[in-house]
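S.K.: Take this structure first; my questions come after.
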Amino acid sequence: MPDQVLPFRLEPQSGATARIGPDDMSPDPGLLLASITSFRAALMSAPTPYMVFTKEGATVLVNESFVRATGYDLGDLPDIRACLEKMRRVSDQEIESVHAGWLRAQSQASSKEITVWTAWDERLVWRIQTSDPLIWPDGRTVIIQSMFDLTEQKRLEETLRRNQDEMRVRLAELESLYSSAPLGLGMLDRDLKFVRVNDALADMNGVALQKHIGQFVFDIVPDLQGQAEKLLRGVLNSGEPVRDIEFRGETQRAKGEQRDWLEQLYPLRDSMGEIVGIGIICEDITERKSTEQHIRTLLSELAHRSKNLLTVIQVMARRSVSPELSSSEFVDSFIERLSGLAQSHDLLAREDWRGISMQELVTSQIGHLNSDLSSRLFTDGPDLILTPVAAQNLGMAVHELSTNAVKYGALSVDGGEVHISWAVFKDEAGRDRLRLSWVERGGPKVVEPSRRGFGRFVIEAIAARALSGAVDLRFDPEGVSCTLEGAADSTVIAQRSPLAEASLASSGLA
C-alpha cells in the first residue's frame, strides 16, 4: 500500500535495531498523520536513492533520487524480482536462489557492494545498505534500502590499482636495470658508508655485494681515499655534482694491479630536498686507457716509420739517377723499386706490423716474374718470421737481385736457375745468426760491373746496416752469388718447421 499513510511507532530491539509496531500509536491521529507525511516527504526528496520493500519482496516506494540515478520508477520495479531482472540482470536460473537469499538476509541490517544496470544500460557500482525493518500498523514488515553511487570511487580505485601495478613494473624494471647495468652504481650515506651497490661495482671492487653494505667506502677501496675523499665531502656540503673524474688505484679484485676509473658523483636528496647521501656512477676505463696509450704508441711508431720510409725513398731516387739512363728509363726503374718496397709494406700491414715470413717476403719480391721464370727459381729454408725492419730491407735486396737476374743474369737466358736459401745458425761465439744466400747458375758469363748502381748500394750498404751484419756479393763468371748475414735476435721473431725445397711455380707461391 504505497499510497496509504498509516500510524506507526518505534520498538527497540536487540542488536541496535529498531522496529515500528502498532501497539504504541500516538493518541493524536492528526499529529501522527503530520509526522508520517513529513517522514514520507523527507524520504521522497532525500538526495540519497532509497527503495522500500516489504519483507516478501514487493516494492513499496522508490524516491526521486532513485529514479534520477537509475531511470526506473515504481511501475518499472513492482517487486524484487523485477529489480533482479532489470537492474541486476540476473539470469532466470539465478533469480530463485538470489530471491530466497534476499528473504533470509532481511532479518537484520546488512550492506554489500553490487553492480547494477541503469535504464540507459550504463554499468554502475553501488553499495546497498539495508536499514532496520519497519513494521507498519497493518503488520507488514518493510525494508528500506539506501544506494550510494561508488562508480567514481571504483574508477579511482581501479586507476590507483593500475598506477600501482604500473609503478611496480617500472620499479622492477629500474631494479633490474640498476642491478644488471654494465656501469658500477653505488649509494653512500652522509657518513660515506655504502647503503647500496650493484653487481658491476661489487665486481670492480673485488668485494661481495652484501659485504659493501654499512662499510666505509675507503675500507673497500683504500687506494682512493687521498684522491676522492675531498670530492665526496664537497658534494655533501655544496650539493653540486662532480663529473668525469678519473681515479687510479688498486682494488681487492687483483692485488698489485692498478686500475683506472671514470666516476660521476652526485647528491642524493630526500622528499624535503635535504642531502642524505651521494650517488656514484663508476666505469672501469683501464682497457680504454691502455688502448689510448697503444694508439699513441702506434701513431708515434707510424711517424717514425714514415720518416724512415721517406728517407729510403729519397736515397732510392738519388741513387737511381744515372747519366746512362733516359728520363723514361729512370721513371720506370724508380717506379719498379717503389713497387717492390710497397710489396713488403703490404705484407707488414696485413700482419699489423708484427712481422712476416721469409717465404712470403721472397715470393712478394719476385712475384712479378712470369711462370716460366718462376719455375727456374727455387727456395729452401725454415719457416722464419722476420721483424718489420729486417723484412723491409731484405725485401729491397731480394728485389734488386731478382731484377738484375732478369736483365743480365741467370734468368735472362733459357736454362738459367736461381737458388735462394736461408737458415739460422750459431757462430763461433754461440750467437744465433741469420744467413740468406742467393746463387745463380746457368746464365751468361758474368763480368763485374764498373759502376756501383743503386741495386748494389741497397745490397751492400742498406741491407747490411739494417741486419747489423755483413754482405758478400760476388760476380763469379759462372753466376752472381750473394750472402747476407745478420744477428738473429734483431731480425728473426720466430722459427718454425723447415720448408722443403721447391720452385716458386711448383709450390704455388709465384
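The values are calculated or read from the model by the stated rules, or taken from the named source; none is laboratory data. Not measured: the values here are computed from a predicted model. Cβ coordinates were reconstructed from backbone atoms using ideal geometry, including for glycine residues, and neighbour counts include every protein chain displayed. We work out accessible area using only protein heavy atoms, side chains counted, and drop any ligands, DNA or RNA first. Shrake-Rupley method; radii C 1.70, N 1.55, O 1.52, S 1.80 Å.
S.K.: Do we have LEU268 as open to solvent by less than 70 Å² (accessible area, probe 1.4 Å) and part of a helix (DSSP H, G or I) here?
M.R.: no
S.K.: Restricted to segment 208-231, and to residues that are in a loop (DSSP other than H, G, I, E, B) and surrounded by fewer than 16 Cβ atoms within 10 Å (Cβ to Cβ), which residue is modelled with the lowest pLDDT?
M.R.: If we take residues in segment 208-231 being in a loop (DSSP other than H, G, I, E, B) and surrounded by fewer than 16 Cβ atoms within 10 Å (Cβ to Cβ), then ALA208 is modelled with the lowest pLDDT.
S.K.: Please enumerate the residues belonging to segment 146-168 that are open to solvent by less than 70 Å² (accessible area, probe 1.4 Å) and either at positive phi or at pLDDT 90 or above (or both).
M.R.: Across segment 146-168, the qualifying residues are THR159, ASP165.
S.K.: Output the number of the condition that PHE378 fails; it satisfies all remaining conditions of (1) part of a helix (DSSP H, G or I); (2) modelled with pLDDT of 85 or more; (3) touching a Ser or Thr at 6+ places or on another chain (Cβ under 7 Å).
M.R.: Only one criterion is unmet by PHE378, namely (1).
S.K.: Does segment 248-259 contain at least one residue that is assigned to a loop (DSSP other than H, G, I, E, B), at pLDDT below 85 and either under 17 Å from ASP189 (Cα atoms) or among the small types (Gly, Ala, Ser) (or both)?
M.R.: yes
S.K.: Moving on to the next point. Please verify whether ARG435 is surrounded by 12 or more Cβ atoms within 10 Å (Cβ to Cβ) and touching a residue at least 12 places away in the same chain (Cβ under 8 Å), treating the condition exactly as stated.
M.R.: yes
S.K.: Give just the number: which of (1) in contact with a Phe, Trp or Tyr (Cβ under 9 Å, 6 or more places away or on another chain); (2) open to solvent by 70 Å² or more (accessible area, probe 1.4 Å); (3) of a type in the set (A, V, I, L, M) does ILE278 not satisfy?
M.R.: Failing condition for ILE278: (2).
S.K.: Still on this structure, I have one more. Which one of GLU287, GLU301, GLU329 is modelled with pLDDT under 70 and either among the polar types (S, T, N, Q) or assigned to a helix (DSSP H, G or I) (or both)?
M.R.: GLU329
S.K.: When you look at GLY234, is it in a strand (DSSP E or B), in contact with a strand residue (DSSP E or B) (Cβ under 8 Å, 6 or more places away or on another chain) and under 20 Å from PRO267 (Cβ atoms), yes or no?
M.R.: It is false that GLY234 is in a strand (DSSP E or B), in contact with a strand residue (DSSP E or B) (Cβ under 8 Å, 6 or more places away or on another chain) and under 20 Å from PRO267 (Cβ atoms).
S.K.: Given the condition under 19 Å from PHE148 (Cα atoms) and in contact with a His (Cβ under 8 Å, 6 or more places away or on another chain), answer yes or no: does some residue in segment 53-61 qualify?
M.R.: no
S.K.: Would you check which residues across segment 50-88 are under 60 Å from the mean Cα position of the chain (by Cα) and under 16 Å from ARG127 (Cβ atoms) and list them?
M.R.: Listed by number, the residues that qualify are ALA69, THR70, MET87, ARG88.
S.K.: Any chance segment 190-206 includes a residue that's on the phi < 0 side of the Ramachandran plot, over 26 Å from the mean Cα position of the chain (by Cα), loosely packed, with under 13 Cβ neighbours inside 10 Å and in a helix (DSSP H, G or I)?
M.R.: no
S.K.: Please determine whether any residue of segment 409-419 is buried (at least 24 other Cβ atoms within 10 Å of the Cβ), in a strand (DSSP E or B) and at pLDDT 90 or above.
M.R.: Yes; the residues of segment 409-419 include at least one that is buried (at least 24 other Cβ atoms within 10 Å of the Cβ), in a strand (DSSP E or B) and at pLDDT 90 or above.
S.K.: Another one. What is the one condition in (1) open to solvent by 20 Å² or more (accessible area, probe 1.4 Å); (2) at pLDDT 85 or above that LEU386 does not satisfy?
M.R.: (1)
S.K.: Another question, if that's okay. Mind telling me which of the residues GLU478, GLU485, GLU440 ends up being in contact (Cβ under 8 Å) with a residue 24 or more places away in the chain, more than 21 Å from LEU394 (Cβ to Cβ) and surrounded by 13 or more Cβ atoms within 10 Å (Cβ to Cβ)?
M.R.: GLU478
S.K.: May I pose another question? Filter segment 65-118 down to the residues that are out of contact with any helix residue (DSSP H, G or I) (no Cβ under 7 Å at 6 or more places or on another chain), of a type in the set (A, V, I, L, M, F, W, C), open to solvent by 40 Å² or more (accessible area, probe 1.4 Å) and at pLDDT 75 or above and list them by number.
M.R.: Residues satisfying the conditions are VAL67, LEU74.
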